[in-house]
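Trainee: Dumping the structure here so I can ask a few things about it.
Only the coordinates and a few stated rules stand behind these numbers; no lab work does. If you're wondering where the values come from, they're calculated on a predicted model, not measured in any experiment. Ideal geometry is used to build each Cβ from the backbone, glycine not excepted, and the neighbour counts take in all protein chains shown.
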Amino acid sequence: MAANKNTVPGDKSALVPSGMRMGTPALTTRGFNEQDFDRVAQLFDESVKIAVDIKGNLKSRKLKDFLATLPDEKANEDIFALRKEVVEFATGFPTVGY
């Protein structure tokens, strides 16, 4: 899936947009249906909630400090559990041509 940041109404700066655009042609090519897209949205929502929780526990607002916490599997077991869930879900949709 292709994704990029986009501005939404109410954003104060185009340099720091708060919207997300998700391109779906790659997923429909792999056989995703409406229920599968609902599942993708749920997984994306869960990832945002995990990121917000991690950010809330940091004293710093710097991106480098946020990124430094991510590899710690014990501190961020939610990330690793979600990753496993995403991999299990995605393996049901083989890439075209492979």
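Trainee: Find the all-direction average of the projected area of the Cα convex hull for the stretch 1-44, expressing the result in square nanometres with one decimal place.
Mentor: Its average projected convex-hull area is 3.6 nm².
Trainee: Within the stretch 1-54, which chymotrypsin sites (Phe, Trp or Tyr not before Pro) sit in a loop by DSSP and count at most 11 neighbouring Cβ atoms inside 10 Å?
Mentor: Hits after loop and neighbour filter: nothing returned.
Trainee: Aspartates and glutamates within cross-link reach of Lys5: Cα-Cα under 16 Å, excluding same-chain residues under 8 positions apart?
Mentor: Straight-distance partners of Lys5: Asp45.
Trainee: Would you kindly calculate the mean projected area, averaged across all directions, of the convex hull enclosing the Cα atoms of the chain, in square nanometres?
Mentor: 8.1 nm²
Trainee: Which ³J(HN,Hα) values, rounded to whole Hz and listed in residue order, are derived for the stretch 35-43 from phi using the Karplus coefficients 6.51, -1.76 and 1.60 in 6.51 cos²θ - 1.76 cosθ + 1.60 with θ = phi - 60°, glycine and proline given as x?
Mentor: Karplus-based 3J(HN,Hα) across the stretch 35-43 equals 5, 5, 5, 4, 5, 4, 4, 5, 5 Hz.
Trainee: Taking the alpha-carbon distance from Lys84 and a cut-off under 16 Å, which lysines remain once sequence neighbours fewer than 8 residues away in the same chain are dropped?
Mentor: Within the straight-line limit of under 16 Å, Lys84 reaches these lysines: Lys74.
Trainee: Let me ask you something else. Of the GluC sites (Glu not before Pro) in the chain, which ones lie in a loop per DSSP and count no more than 15 other C-beta atoms within 10 Å?
Mentor: Within the chain, the qualifying GluC sites (Glu not before Pro) (loop, at most 15 other Cβ atoms within 10 Å) are Glu73.
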